[in-house]
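Encoded as structure tokens, the structure appears first; notes follow it.
What follows is calculated from the coordinates using simple rules that are stated; it is not laboratory data. Note that the structure is a prediction, hence the values are computed from the model and not measured. Cβ: placed from backbone, ideal geometry, glycine included. Neighbour counts: every protein chain shown.
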């Protein structure tokens, strides 16, 4: 009868945001919109922890990833692509599609990138102009050590650090300016609690300088054009107006809660979920450095992740995510980023216990819930 | 107290559509979404009057225009770009951004393209691989003779006709397959009565064949990838889910009304608006072939379009569009595409009469309304 959404994007949209977006549409070339857009710009800078402009693209997050690749680099440029999951692969596909020469830093799915390895590859490949990475690899539930990697890239004047923060921005601490990250990308349907359809990208001064040299053809994702418009509280092309209105509401909520509290809430939910999962005799897929955005649970012997996901859906009308590509069926992924609070986690851990029980896995009912309760009390 | 929107995009969104989009978000990789997506695909084929797939992009209409350019052509290719307004210019900007060699067919703003001239240019430039044009030039309110131009391009095996139908699809008759149009593009925020954020593009078999030769780098707008996903009721990247749910509702409304009736309604509102405007002593900006999507009204001696637009807004909280680029201040544009019926037109014509009166233009109050009433009775 009731439906539940625990996938790492789209995440649930708060009711007040849904209702605000359901108001009659307004015109984007009028003052009422520009005024709101100005406030949104400030809110996004707060969220990204940057003084730079945060550009709003009407696109999925992948559109902003493309914008990073097509605006910063030139055909033939070497880039270092960190691959430790499906979204790392996407950076590689983008780099190849635009004629770059990627050097791959591959790490096993489920493990974080090793900064030492990245430093070594940069030393070995002095022509590399950028490091492309995820802050939180959504396909594996692993957090990469962005701070450490930024310490390696920041002093190099000809290397930019390009971070896909799609399940990181608004989830955990990643101050763009303070850490010296050059590009941060995110999307609307994760910690921003909106429907998908907006992507965001911010560039450091170093990145803007590099963009001046780029020769890749582009138009819709021409970031300089977006910057010029943004400074006039506008967009170069008709934006997804209703989503930007929702964004205004969401940013107000995040500012009211306070970014530190938002991070603490995510960490608390994530920690409790991880401990509850372990208390049920299950293992995390993340060998280290699990992301506070989502928990990837390794399927135990004899349990098929596809069957488990189906059980969640059929018995509890609850959507969790499965594994992608080579880990399909091997994991399920439980989201706790965005509009989630402790009460929500009882639902998903309860459903996990009962679903595993139903599939014949020897779980002690209540074992996960007990630990969850202890952790969240 | 009440607000009114008569700009040619975004256009008003029906209340039932707003409410449907305000329902809790669903996940795009689940059956509930795929089933809905399958119905949407059928509805879009009906709307485009084609057997081809209509691809849904999460982007503004410009994104689909870029998709046409970057998927069909190769660097250095000659294309014939029809420019008779701001959106014709956009085709030119896109062609240049992607390294094509545009041949320009320029016509005065306010006039339709001359098919004879296009035929002549195609004969003189046998290397031209595509004609890029608007069906309805939103900046001038003029309709180009797409049917006649398609008769010229259809027999040429190496020339595609690429039509920006952003204010044409769902407004007036333009059957893609029957007329032999190769590419049709539209956006969500016009006749489709949705917020902006979705763009649509459909390719003929000839266009898909040409796309196989294209060497322009692309990723987010790689149409072949969108086609492969669409055939599985999916999108390659997370789509704007809530807008696609709204689209499902809107397509049901259009199918229930029937496309022929939709076209008749638009024509009736457009004719009545044009006659009402003329009855007030004003002239249409379109010298011929006015579009049924919107009416561009030439400002009479002594009336500044910017002032008039401002008067609409300040006195009646009504948004109409002004002129763009070189005709800024010279026209206002009144929309009648999408969720409009005869009652709406009384509001905008009433406001036009009163606003002109307020600005000192010698309009006989009621003169436009009388003709509107006669035409719509």
Evaluated at 20 °C and 1.002 mPa s, the Stokes-Einstein D of segment A:1-159 based on the Kirkwood radius over Cα pairs, in µm²/s, stands at 117
Would you mind giving the average projected area, over all directions, of the Cα convex hull of segment A:61-145 in nm² with one decimal? 4.9
Unit-weight point scatterers at every alpha-carbon of segment A:270-353, Debye formula, q = 0.15, 0.21, 0.27 1/Å: log10 I(q)/I(0) is -0.49, -1.01, -1.66
Acute angle (nearest 10 degrees) that the helix B:86-97 long axis makes with the longest principal axis of chain B, alpha-carbon atoms: 30
Likely footprinting exposure, B:70, A:188, fewest C-beta neighbours within 10 Å first: B:70, A:188
Mind sorting B:292, B:344, A:123, B:228 by how few other Cβ atoms lie within 10 Å of their own Cβ, fewest first? A:123, B:228, B:344, B:292
Fraction of beta bridges assigned by DSSP in the protein assembly as shown that are antiparallel (%, nearest 5): 55
As I understand it, the value is the acute angle between the Cα axis of helix A:305-316 and the longest principal axis of the Cα atoms of chain A; what does it come to in degrees, rounded to 10? 70
Taking all pairs of distinct Cα atoms, average 1/r, flip it, and tell me the Kirkwood hydrodynamic radius of segment B:289-333 in Å to one decimal place. 10.8
Kindly provide the Kirkwood hydrodynamic radius of segment B:114-163 in Å, to one decimal, from all pairs of distinct alpha carbon atoms. 11.2
Using only C-alpha positions, report the orientation-averaged shadow area of the convex hull of segment A:193-324, nm², one decimal. 12.7
Restricting things to alpha carbons, find the Rg to Rh ratio for segment A:325-377 using the Kirkwood radius for Rh. 1.02
Please list the radius of gyration and Dmax for segment A:1-89, considering alpha-carbon atoms only, with Å as the unit. 17.9, 54
Taking the alpha-carbon set of segment B:2-47, what are its Rg and Dmax in Å? 14.3, 40
Projected onto their principal axes, the Cα atoms of chain A stretch, largest extent first, over whole-Å spans of 60, 55, 32
Please compute the contact order of segment B:84-196 in relative form: average sequence separation of alpha-carbon pairs under 8 Å and at least six residues apart, divided by the residue count, as a percent. 22
For residue B:233, place a label point 7 Å out from Cα along the Cα→Cβ vector, do the same in each other copy, and report the separations in nm, one decimal, smallest first. 4.4
What FRET efficiency comes out for residue B:346 versus residue B:253 if R0 is 25 angstrom and r is the Cβ-Cβ distance? Round to the nearest 0.05. 0.65
Tilt, helix A:241-257 to longest principal axis of chain A (alpha-carbon atoms), in degrees rounded to tens, equals 70
Förster-model FRET efficiency, 51 Å R0, residue B:232 and residue B:288, C-beta, rounded to 0.05: 0.65
Residue A:119-residue B:357 FRET efficiency (beta carbon distance; Förster radius 56 Å; 0.05 resolution): 0.15
Over its alpha-carbon atoms, the protein assembly as shown yields an Rg and a Dmax in Å of 26.8, 87
